[in-house]
Amino acid sequence: MTANTVARPGPRQAGRAGLVRRALDSEQFNGWAFVTPGVAVILLFGAAPIVWSAVMSFQKSSLFGSSAFVGLANYRKMAHDPVVAQAIQHTLIYTALFVPGTMIVGLFLAVAMNRKIRGISIYRTAAYATMAISTISEAIVFIWLFDPSYGIVNYAFSKVGLPQQQFLNSPSEALYVIVAMTIWGWTGFAVVVYLAALQGVPQSLLEAAAIDGAGPWRTFRRVTLPLLSPATLFLAVWLTINALQLFDEVYLSTQGGPLNATTVLVYYLYNQAFEQFNFGYASAIAYFLFLVIIVVTVIQFRVGRRFTYYRS
Amino acid sequence: MSATSAPARGDLRQRASHGSPATRRRRRLPFSPWHLVLIPATIALIFPFAWLLITSVETPSETLHFPPILIPHAIRLANYSDALASAPFVRFLVNSAVVAVVTVLCNLVLCTLAGYAFARFRFLGRTALFAVIMATLMVPFQVTMIPQFIITKWLGVHVLAGVGINHIGALILPNAATAFGIFFLRQFFRTLPIEYEESARVDGASRLTVLVRVVLPLATPALATLAALTFLDSWNNFLWPLIAVTSTNQMTLPLGLATFQGAHATEWNLLMAANVMSLVPMLAVFFIAQRYFIRSVAATGLAGT
């Protein structure tokens with residue numbers, strides 16, 4: 001092949017053509033040429049908006065109107081907005097229930113499914129299937145399951161002698177119904193992550209524990225669970241980030257109601273931005289949400305590090 | 001998938017003659033006791049799907065009946081045609097598929113190019129650019145969505161209508177390359193041995209040829225993972241389409257379904273028929289490519305550890 005490349009100018013012919021050719025082949029040129037399309041998209045739709053919305057959070061701006069700088073007015077308004085206080089409370093309650101709930105369900109099912117028994121692929125597929133359902137489909141099914149008048153959950157309640165509930169129509173229950181539907185929706189994800197981690201637990205360690213006389217429960221507590229801790233930390237962080245950004249299910253099932261009982265931060269932000277068109281105020285809320293996510297994630301990593309064992 | 005833990009442990013304990021009578025009795029069960037846990041759990045996981053399917057073939061009066069009718073008297077498939085008649089679900093499906101497939105293809109091309117350059121080339125500004133990209137990875141979408149909306153609106157008016165508000169292009173372009181994809185592929189490319197690339201260079205191949213002919217064949221698992229994750233993300237995305245699209249014929253499935261729900265909130269049979277139609281394509285794709293989806297999700301989990 002090299003013998004046939006007569007047409008290519010060799011080093012001795014280094015004229016203008018050679019210079020151009022070398023420039024076209026340089027790491028400088030190729031580096032920029034390769035990254036430009038992808039980076040342009042990210043700069044335009046990812047990086048620039050970060051700065052822009054920071055600026056907007058100090059402005060009184062809307063879709064139509066002019067934008068004037070108002071200093072910290074948006075943030076001050078937020079501090080005194082009772083709905084923001086409620087939204088923070090609901091978001092934190094939701095996160096505190098959803099994240100551990102999903103992790104416990106996922107861990108339990110993954111441990112149960114981590115064995116070669118008949119029909120195991122059916123069980124696993126049932127869990128995986130929840131990953132294929134969109135948040136919207138999931139929310140519609142659960143609104144129907146929990147329908148106060150005709151829902152099958154109320155029917156089950158009546159069968160076991162429990163009183164009929166209003167569920168999504170009740171300010172004291174709606175948020176918990178949303179917790180239930182999202183735990184169901186995330187089960188497959190948690191199972192997959194925990195199953196993958198369980199399959200990385202070396203058999204020799206479990207056998208060693210058994211030889212030392214540890215029962216199944218102690219082996220699980222003292223050997224398996226510590227070896228799963230990296231997966232646990234990942235799930236905790238990942239699920240929390242998603243929980244703090246809860247929106248789809250709320251939008252579809254309750255629109256933040258009844259009586260703001262399910263108004264979470266992102267729902268209120270959406271409402272302010274795209275129903276009230278208070279872009280400035282909404283940007284301030286968005287930055288507050290960002291701050292909450294950073295703080296919670298940092299705390300999780302700090303605390304998590306103490307309980308996490310990395311084998312490598 | 002290695003051997004399971006419980007039987008192995010049981011064997012050992014018996015061999016070491018620690019086995020209690022209880023353990024031995026349990027081992028004589030004709031089936032694993034874990035079935036007793038897994039069967040109810042699986043029913044709980046499957047039940048919403050089953051109830052969705054049952055409701056989708058009931059008559060309106062059967063759905064509005066208490067106690068609920070668990071077995072419909074007849075299978076009413078007309079619900080499906082009625083749902084199709086009142087909202088263009090085929091259109092939604094095509095839109096969703098176009099958006100997801102084009103987004104995946106754009107991501108594969110753009111993230112491969114950028115990820116490879118960040119992994120292998122030294123060029124002016126590389127570190128700074130990469131730092132900016134990593135910073136965007138940490139910012140939640142809610143922070144960027146308002147400017148993204150304004151930019152998209154501006155692009156549609158001043159540059160190209162096809163990528164503006166109310167066109168499916170607006171659902172593709174902002175996600176055509178993702179910081180996650182670039183980071184993910186860069187990390188992968190760095191794990192590949194550089195010798196193949198160097199020898200191809202010595203043979204006179206251009207840098208693009210090296211990437212396409214030498215590196216990409218080694219990268220198919222990573223590309224499949226990125227494709228599966230991007231596809232799932234795009235298919236399920238709701239908030240951005242909700243903001244960017246208002247006209248029915250540009251809607252994707254989640255948005256179309258949500259709009260349909262708004263208009264038919266109490267027609268449960270139609271709503272469930274529509275829901276089944278929205279679900280089936282994704283379930284089919286998911287089960288056909290189950291290995292890739294599962295592996296991809298597991299890979300993000302393990303990479304995070």
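We did not get these values from a lab; they are worked out from the coordinates using the rules stated. Keep in mind that this is a model prediction, so the values were computed, not measured. Using ideal geometry, Cβ is built from the backbone for each residue, glycine included, and neighbour counts are taken over all protein chains shown.
Secondary-structure-derived ellipticity at 222 nm for the protein assembly as shown, considering helices only, amounts to -21500 deg cm²/dmol, per-run term -39500 (n - 2.57) for DSSP H runs with n ≥ 4.
Specify whether the C-alpha gyration tensor of the protein assembly as shown places it in the rounded, prolate or oblate class, a ≥ b ≥ c being the square roots of the eigenvalues: rounded for a/c under 1.5, otherwise prolate if a/b is larger than b/c and oblate if not. The shape class here is oblate. Can you bin region A:38-112 into rounded, prolate or oblate? Criterion: square roots of the alpha carbon gyration tensor eigenvalues sorted a ≥ b ≥ c, rounded for a/c under 1.5, prolate for a/b above b/c, oblate for the rest. Taking the square roots of the gyration eigenvalues as a ≥ b ≥ c, region A:38-112 is oblate.
Counting only residues at least eight positions apart within a chain, or on another chain, the lysines with an alpha carbon under 19 Å from that of A:K60 are A:K77. The distance from the alpha carbon centre of region B:170-228 to that of region A:216-237 is 34 Å, rounded to a whole number.
Remark on region A:201-245: hydrodynamic radius 11.8 angstrom, per the Kirkwood mean of 1/r across alpha carbon pairs.
Remark on region B:30-158: Rg and Dmax equal 25.3, 72 Å (Cα only). Local charge sum around A:L97 (other residues, Cβ-Cβ under 14 Å, Lys/Arg +1, Asp/Glu -1)? That works out to -2. Averaging over all projection directions, the Cα-based convex hull of region B:235-296 occupies 5.1 nm² in the image plane. In a reduced charge model with +1 at each Lys and Arg Cβ and -1 at each Asp and Glu Cβ, chain B shows a dipole moment near 1400 debye about its Cα centre. Specify whether the C-alpha gyration tensor of chain A places it in the rounded, prolate or oblate class, a ≥ b ≥ c being the square roots of the eigenvalues: rounded for a/c under 1.5, otherwise prolate if a/b is larger than b/c and oblate if not. Note, shape of chain A comes out oblate. In this label model, A:Y75 and B:V94 are separated by 5.0 nm, measuring between points 7 Å along each Cα→Cβ vector. Work out which helices of chain B, taken as complete DSSP H runs, extend at least 27 Å along their axis over the Cα atoms and score a mean Kyte-Doolittle of -0.5 or more, then list them. Qualifying helices: B:34-55, B:89-120, B:268-288.
Quick one: longest stretch of chain B between exposed loop trypsin sites (Lys or Arg not before Pro), exposed meaning at most 16 other C-beta atoms within 10 Å and loop per DSSP? With trypsin sites (Lys or Arg not before Pro) excluded where exposed in loops, chain B gives B:123-305 as its longest stretch.
Residue-wise HN-Hα couplings along region A:204-211, as the Karplus relation 6.51 cos²θ - 1.76 cosθ + 1.60 with θ = phi - 60° gives them from phi, are 4, 5, 5, 5, 4, 5, 5, 5 Hz; Gly and Pro carry x.
Based on the Stokes-Einstein relation at 4 °C and a viscosity of 1.567 mPa s, and on the Kirkwood radius from alpha carbon pairs, chain B is assigned a translational diffusion coefficient of 55 µm²/s.
Legend: ranking of residues A:V20, B:V37, A:V193 from fewest to most surrounding C-beta atoms inside 10 Å; resulting order A:V20, B:V37, A:V193.
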